[in-house]
Every structure is written in C-alpha cells, then in structure tokens.
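I have placed the structure first, in the form of structure tokens, so that the comments after it can refer back to it.
The values are calculated or read from the model by the stated rules, or taken from the named source; none is laboratory data. If you're wondering where the values come from, they're calculated on a predicted model, not measured in any experiment. Positions of Cβ are backbone-derived with ideal geometry, glycine not excepted, and every protein chain shown enters the neighbour counts.
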Amino acid sequence: MAKRLIVLLLPAALALSACGESVGERAATGGGVGAAAGAITGLLLPGISWWAGALIGGLGGAAVGAATTEKKQ
C-alpha cells in the first residue's frame, strides 16, 4: 500500500518542485520533493522505515528549498 501511494504522489511532488517565488513556497515544495524521495529511499534500504526516510528527506528538502534564491530574469 505504501509503495503504491508513493508511486502515485511522486510525479505530483516533482511537478510542484519547480514552483516557488517566495522563500516559503520554495521550502514547501522542497519539503514535498524531499519527503517523497526520502520515503522511496526508506522503502528500498534495509534498516530504515519509509516514514523515517520521508521525515528526514522532508526536513532536508525544506531547508534546501528555503536556502535557495529566486531565479533572476
């Protein structure tokens, strides 16, 4: 069940990762992408659960998203 949910949510998270004009938006989308990637990693690696991977990935993704700057045109 968890694998199916991740497979369904991953494309949406990747589509949203390009969005974000403000620091908060970039942190939110980075957190979503990080959580999805962490959950998949947790499913594939022995010794870590999918939810722990999602938590770690989400926190890391949000931190990186918040640290990025807006694209200058």
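For residues that are modelled with pLDDT under 65 and either in a helix (DSSP H, G or I) or acidic (Asp, Glu) (or both), tally how many sit in the stretch 11-39. Lay out the reasoning, then the answer.
Let us first name the residues in the stretch 11-39 that are modelled with pLDDT under 65, namely 12-18.
In the following step, the residues that additionally are either in a helix (DSSP H, G or I) or acidic (Asp, Glu) (or both) were identified as 12-16.
Selection size over the stretch 11-39: 5.
Tell me which residues, restricted to the stretch 40-54, are of a type outside the set (Val, Ile, Thr) and surrounded by 13 or more Cβ atoms within 10 Å (Cβ to Cβ).
First pass over the stretch 40-54, keeping only residues of a type outside the set (Val, Ile, Thr): 42-47, 49-54.
Those that are of a type outside the set (Val, Ile, Thr) and surrounded by 13 or more Cβ atoms within 10 Å (Cβ to Cβ): 42, 43, 49, 50, 51, 52, 53, 54.
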